[in-house]
Structure formats: structure tokens, C-alpha cells
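The values are calculated or read from the model by the stated rules, or taken from the named source; none is laboratory data. Since the model is a prediction, treat every value here as computed from it, not as a measurement. No Cβ is skipped: glycine too gets one built from the backbone with ideal geometry, and neighbour counts run over all protein chains shown.
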Amino acid sequence: MNVITSRRDFLKGSGALFIAIPLSSAAFAQTAAGAKTVDAAQVDAYLALHADGTATIYSGKVDLGTGLRAAFPQIAAEELGLPINRIHLIEGDTALTPDQGPTSGSNGIPKGGMQLRQAAATARQALIRMGAEKLGKPAAELDAIDGEIRPKAGGAGVSFASLIGEKGFELKLDGKAPVRDPKTFKYVGKHVPRPDVPAKVMGRHAFMHDLDVPGMVHGRVVRPAKINASLVSVDESSIAGIPGAQVVRIKNFLGVVAPDEWDAIRAARLLKATWSGGGLPVNHEGLAEHVRKGSKVSGTEMLDEKGDFTATFASGAKKFSAEFYWPVQSHASLGPSCAIADVKNGEATIWCSSQGTHRYRKHFADMLAIPSSKTRVYYVDGAGCYGMNGHEDAAADAAFLSQAIGKPVRVQWTREDEHGLDPKGPAQVITQDAALSDDGKILAWRTQMWCPKPTANLPTIPLLAPVEAGAKQTPGIATGSLSSGGKPPYDVPNLQVQVHWLEETPLRASHLRAPGKIGNCLAVETFMDELALAAGRDPIDFRLAYMSDPRGRESIERVAKLFNWDTRVAPRRDGKGRGIGYTQYKGDETYVAIAMEVEVDAGSGRIKVTRVAATHDCGQIISPDGVRSQVEGCILQTIGRTLFEEVKFDTNHVTSRDWASYPILTFPDVPEMKIELIDRPDQPPRGAGEAATAPVAAALANAVFDATGIRLRRVPFIAQRVKAAQAEMTTKNG
């Protein structure tokens, strides 16, 4: 590889992979590909100690803006007994870091962080054994403190450097190595500033878009106006007047490259090509009906069953049914996807903002028909991703172009590309049926979901370029666990939860932040409110009556206090309302309760969220500031997804390809927020990157009902839908 000569040069070029402290050259001791193990079973895959008293930790998980660059050093510093300002982090480099799976599903801390914790704990025990031998004292009398092995009772110690120097531990990670007692924590659970924030605030942080490599040219991929169209012909003479422009065609993959980025943009716009076929079976307006009745169901799966729903429902005194729709949504990253690839001489180096550099290493190698051992993928900060978006697609585009011309190629998507081509969070339809007794008790509950079935063991999101180029790629649908969250988190005696799996989805699908959970929680929690109203109970009191989990009860009770919840059994209907939403994420992870206040303008139908309170229990908290930031981000993004976001498309392509046609939450829409974190140092840490998204739409819908008496069951809650619901209610009430 001759694009960047060393890891150190790469870090200088890409920026912001540093803990924000000066480090000596020893921190970069292991830089060359193959110079260290990346075996996830080995301690040396996760950390290296250096002769100058510093340490480097290696993470296959990457910081997507979630604060892992603070949290991982906190974990390592705590377990090693090393000052945090001596720790340097390298992340997402397939040649230097272990494969810990993609950074997704809120598993950065629960999986990646805990692997690092055990590696550091294993290393600490080894250092104590070395120190015991050198000091002539029993290991039980020693501890690792500030980079030394010292007697617990006090006295002189020996430095880590004198014990191990630059050598590796050559130990397997011990899953039973004792970890620090939370009562002794010095770093974990404390505020540690995120090292990337100052440069981001000041506009000095280097993102993927800022990266430059020697000899790089610029590329753009030309795609048809109709999705799935085939390339018939190309008129290369149409760009003959653009200096240095070249055309690359591989079957249906069509691209251009040029030394200057603007010339590449011009060439992509001017290149004349003829396409045939393509198109979609339905548009966005007909998609809800298509999902529920027009799509082919590949099978129905009973996810949970208790008691006898059918007989109990039939005998219930009061019966209720409702249908909910969650639309297709985009990742809508603020910056378009960007990547650089250098593919030549049977080797590939790829720089991109992928959440799964190790996963896509093999995918890129397969599509380029080169060995994985000759493929290296670096993570560089992008403009945000909430599941797999267009980052990997841009990398695949760049890789094919680079392989064709033998030079490094940079590809940056346009805004139209990003909104129009990124894989989408798919649509869902959810129905609820329940029966109450004469005295208002829940007798039976059934949740049914209609959503696309993810392809089992699919290694990656299928990318555009390999399909177009006819390259090797596993076909299928990648959606994430869309059916998760359909089970109500309440004690219901007779229950059915089932999913009807659809064979296809009109637009290419991907897991979008908290896939399925927001829509399912919206259906479950608004239905719970509907049952509370019918039972003549306050929504919070009604929930607590069916809640036996003490952590769940505490979450709900504490949010009621934080919000100053006013108990009542009927909606206000005066334009101002409050609502509640609750979840235990994925059924066994983080607990979140959200109370929300909204104002609904009767004239325009516009909804404004004015106040939010949330409690968040993710077990042991590593970085309180990081968790709080994630909770706030989850809430704000999901308010926007609920109020505004829906991908619009006709039978040719996506039509909502800019910020006007795909609006998101803006600064004037930000409500007052109070967040209460419930720290449980004695419990395993759970994720914070997604959980708080799940109850947001439900709390918002319940607040709108309290304000207006209107049940909104189709997202987004745009003003036109509010007005239509108001008119329907007026007509119904005479």
C-alpha cells in the first residue's frame, strides 16, 4: 500500500481519532498492518502498553458521535489502573483492531466496551503477577495504581513499563478475570469531556469529506431516472470537452472520473446515456394498503402467546381495535455520503464512515474479486448514520471506479443521491385488538405486525454498485429486528403477538435507528392509553396496575414526578395536552419512560412539542454526559421523524430528494427537556444509542389526544392529517 505511508500519517490526515492530549511516539509503536494481532480472543488485540507509560487501546467499534471516544478510555483506565490522559484510542481499522461486529443495536458499550473491560482486567491481573514476582510480595497484597503495581498498604511500586515494556501480553482474554468494584471507580460513572467536541464546535474537526490522499481523482456514478433500469448505451463523446474526464462502464454500473471534482460533477450531469425498464410496483400514497393487503406474505410467526386470546377476546365485555402505520423513512444524514478507495495491484485500501468496517471488508473484497487479506478498511468520521446508510454505497462506488482506472478515487454523493438512493427504513403496519371486562380490566390483547422479512444471516446491506456491476454479493433484505417491541410490557393474562412477514419492499431497505421499535411502541402505548380511557383510569395509574417489574415501575413513577404529571381520566381537549410512553427496549434491555407536553394549533393543525421529561435506566453508566447526549438526540430525532418525515416516491423513483420535500426537526422546534438518568452500578451496562427513541412517538400521540381528542395512528403527524382528523371528528359528533 503506498497511498499513506503509516498509521501516523493517516491520523494526521483524517484527524479526531485522538484522545485530546499530547502523546509521545510510543503510542504509535504498533502501526504497520500485521504488526499486531487482531484476534478478538487475545488481550493484545485490545490494548498495548508502551515504554513511556502510555497505552493504546484498539476498538473494532467506532464512535459515530455517541461518545465512545470518552467512554472506552474510561473503561480501560479504570481496569488497568492507568491515568486516562495516558490512553490513546485507535478505532475501526481492520488491520489493527479486532472484529467486534458492527457498531449498531446500542451494543457499543454492552459488547465492545465489556470486551475491552475484560481484556484490561486480564492485563491487570497479569501485571500484578509480574509485579508480585519483582517485588517479592503476594499478589493479593498488590494493585495496579497510576501505571504502577504497588502494595495496597502503601510503599514503592514498579511501573508497567518496567514489567512489560513494548512486549505483548500473549494471553487469551479471561472472561472471569475480576473487574473493579464499582465502589472504587475513579473514572467510570464520572464526567469525562468528549475529545472530539471542541474541534467540532470550532469547525476544525476533519471528517471523511476533508480527507485527501496522494494521486487522488474524483468520481461520480450516473444512475437512471427509474429505479432498477438497465443501461442500453453511453455516448462518451458527450463529455469530450471536459479535461481529463473518463467514463467507466461495468455492465449497468456507469461512472465518470476527473482530476477536478467540479469536472467530475459536470461530466456526470452531461454524460448522455440510454436506459430501459425499471420502476416500482406502488407509490408512497398506496403503500400502507399495499403492505397490509397487496404484498405477498411469506409466512406468519407467533412471537409470543399466553393463555387463550381467541376465546377470552370473544367473551370480553368491551372490545377495541386499531391500525397503525409507520412510513418509509430516510437516514437523512446532514452531510452526503463520501468515501475514498485505492484499488490496484490486487490490493484495496478503503476509507469510509461505515459502522461495520470489518463486516464490509469481506464484502468489498468479494465484489472486487480480491482476497480479504489484501483489503484494508479504515473508519473516518462521517456526517452521521443511524443504521447502515449510504456510506458503504459510496465506498463501493469509489472502489469500482478505482479498480477500473488504477488510481485512488474519491466519491461524494449529492444531496439528491443521499435522499434518493440511501437504503430506507421500511414501512410497517401494526394492528391491535383487546378486550376489557365490565370493571375495566384487560382480559386479552393481540398485536399483529406486517413488515418485510429480513434475510437470515445476510452478511451486509446489499449495495447498489455490485448489483449494477454484476459483482459477487449476497442478495436479500436487511431491516433489523422490525418485530421487536410488539409485545406489550405489561402483565396481560391472554396474549398473542404475531408478525406477518412480507417477501419484499418497494425500496431497498436498511435498519434505521431502532428499527421497528418506534412504530411498534407507538401502537402498543397509544392503545394502552385507549384502554385506560375506556377503563376510566389515568394513563400512568393504569400502566402501573399492570407493571410488576420494579425497574419499570420506578422508571414510570420517576418520570411522572419529573414531569409534574397531573392525574386525570379524560382528555383536556383545549389544545394543550400531555402524554406518556414507556418501553423496556428489546424486551430485556434499557428502561425508558417519556412524558411529553404538546400544543396543537386548531387553525393550522400544527403540533408543537413544548416540554419533555424522560427517565433512562441502562444499568451501569460509564459516561453520564455521553448517555445524556444520546437520550437527548434520540428524543429530538424521533420527534422529527414522528412529525415530519416520510419518503415520498412515485412508480419511478424517490421524489423527496431535498430538505424541502423531506423536512426534519429544526432549532425552533426543540422543546424544553429534563432527563433523569438512573445509574445502577451493580447491573450490566446496556446501550443508550437507540432506546429512548422507542417511546417518543407514543408519548407524542397520547399528548395530541389529550389536547384534541384525536387519535393519530398514521405517521407523520403533519398538519393536514390533524386538520382532516379534526374535520372527521366534527362530522362524527354532528
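Of note:
- For segment 224-264, a residue qualifies if it is under 30 Å from LEU507 (Cβ atoms) and either part of a loop (DSSP other than H, G, I, E, B) or at pLDDT below 95 (or both), and the qualifying residues are PRO224, ALA225, LYS226, ILE227, ASN228, ALA229, LYS251, ASN252.
- Residue count for segment 697-725, restricted to those that are of a type in the set (Asp, Glu) and free of Cβ contacts under 8 Å to residues at least 24 places away in the same chain: 0.
Let's see how each residue does on (1) outside the structural domain of ARG641 (by TED's automatic domain parsing); (2) farther than 30 Å from TYR490 by Cα; (3) under 28 Å from the mean Cα position of the chain (by Cα); (4) buried (at least 24 other Cβ atoms within 10 Å of the Cβ):
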residue	(1), (2), (3), (4)
PRO371	yes, yes, no, no
GLY384	yes, yes, yes, no
ASP393	yes, yes, yes, yes
PHE400	yes, yes, yes, yes
GLN403	yes, yes, no, no
ARG410	yes, yes, yes, yes
ILE442	no, no, no, yes
PRO454	no, no, yes, no
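- Qualifying residue in segment 455-470 (condition: among the charged types (D, E, K, R), modelled with pLDDT of 95 or more and under 18 Å from ILE518 (Cα atoms)): no
- Look at (1) at pLDDT 95 or above; (2) within 30 Å of ILE84 (Cα to Cα); (3) not in a loop (DSSP other than H, G, I, E, B) and you find that LYS200 fails only one, number (1).
- Any hit, segment 372-386, residues being polar (S, T, N, Q), assigned to a helix (DSSP H, G or I) and either farther than 30 Å from ASP304 by Cβ or at pLDDT below 95 (or both): yes
- Residue check for ILE607: modelled with pLDDT of 95 or more, under 22 Å from the mean Cα position of the chain (by Cα) and surrounded by 20 or more Cβ atoms within 10 Å (Cβ to Cβ): no
- ALA514 under 26 Å from ASP679 (Cα atoms), surrounded by 23 or more Cβ atoms within 10 Å (Cβ to Cβ) and in contact with a helix residue (DSSP H, G or I) (Cβ under 7 Å, 6 or more places away or on another chain): yes
- Candidates GLU305, GLU289, GLU285 - the one that is exposed (fewer than 12 other Cβ atoms within 10 Å of the Cβ) and not polar (S, T, N, Q): GLU285
- Some residue of segment 668-685 being in contact with a Leu (Cβ under 6 Å, 6 or more places away or on another chain) and hydrophobic (A, V, I, L, M, F, W, C): no
- Subset tally (residues that are more than 28 Å from the chain's Cα centre (by Cα) and assigned to a loop (DSSP other than H, G, I, E, B)) for segment 168-197: 13
- Failed criterion for TRP262 (all others in (1) within 24 Å of HIS419 (Cβ to Cβ); (2) surrounded by 14 or more Cβ atoms within 10 Å (Cβ to Cβ) hold): (2)
- Residues within segment 321-364 that are of a type in the set (Val, Ile, Thr) and assigned to a loop (DSSP other than H, G, I, E, B), tallied: 1
- Index of the failed condition, TYR187 passing every other in (1) under 17 Å from ILE57 (Cβ atoms); (2) touching a Pro at 6+ places or on another chain (Cβ under 7 Å): (2)
- Criterion applied to VAL497, VAL569 was being assigned to a loop (DSSP other than H, G, I, E, B), modelled with pLDDT of 95 or more, touching a Gly at 6+ places or on another chain (Cβ under 7 Å) and among the hydrophobic types (A, V, I, L, M, F, W, C), and the one residue passing it is VAL569.
- Against the criterion of being among the polar types (S, T, N, Q) and without any contact (Cβ under 8 Å) to a residue 12 or more places away in the chain, ASN494 does not qualify.
- Residue among THR300, THR312, THR349 that is crowded, with 24+ Cβ neighbours inside 10 Å and either at pLDDT 95 or above or within 30 Å of PRO488 (Cα to Cα) (or both): THR349
- Residues (outside any helix (DSSP H, G or I) and surrounded by 15 or more Cβ atoms within 10 Å (Cβ to Cβ)) located in segment 696-734: GLY709, ILE710, ARG711, LEU712, ARG713, ARG714, VAL715, PRO716, PHE717, ILE718
To keep it simple, each residue is scored yes or no on (1) in contact with a helix residue (DSSP H, G or I) (Cβ under 9 Å, 6 or more places away or on another chain); (2) more than 25 Å from HIS290 (Cα to Cα); (3) modelled with pLDDT under 95; (4) buried (at least 22 other Cβ atoms within 10 Å of the Cβ).
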| site | (1), (2), (3), (4) |
| --- | --- |
| ASP538 | yes, yes, no, no |
| GLU554 | no, yes, no, no |
| ARG558 | no, yes, no, no |
| ASN564 | no, yes, no, no |
| THR583 | yes, yes, no, yes |
| ILE594 | yes, yes, no, yes |
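- When each of HIS419, HIS358, HIS391 is tested for being over 30 Å from ARG266 (Cα atoms) and touching a residue at least 40 places away in the same chain (Cβ under 8 Å), the lone residue that passes is HIS358.
- Note on segment 67-151: enclosed strands (runs of 3 or more DSSP E) holding 3 or more residues that are under 24 Å from GLY689 (Cα atoms) are 87-91.
- All positions within segment 610-662 that are among the basic types (Lys, Arg) and surrounded by fewer than 22 Cβ atoms within 10 Å (Cβ to Cβ): ARG611, ARG628, LYS648, ARG657
- Candidate set: segment 204-223, residues that are assigned to a loop (DSSP other than H, G, I, E, B) and charged (D, E, K, R); chosen: the one farthest from GLU416 (Cα to Cα): ARG204
- Taken over segment 119-131, the residue count meeting the criterion of being free of Cβ contacts under 8 Å to residues at least 24 places away in the same chain and surrounded by 17 or more Cβ atoms within 10 Å (Cβ to Cβ) is 1.
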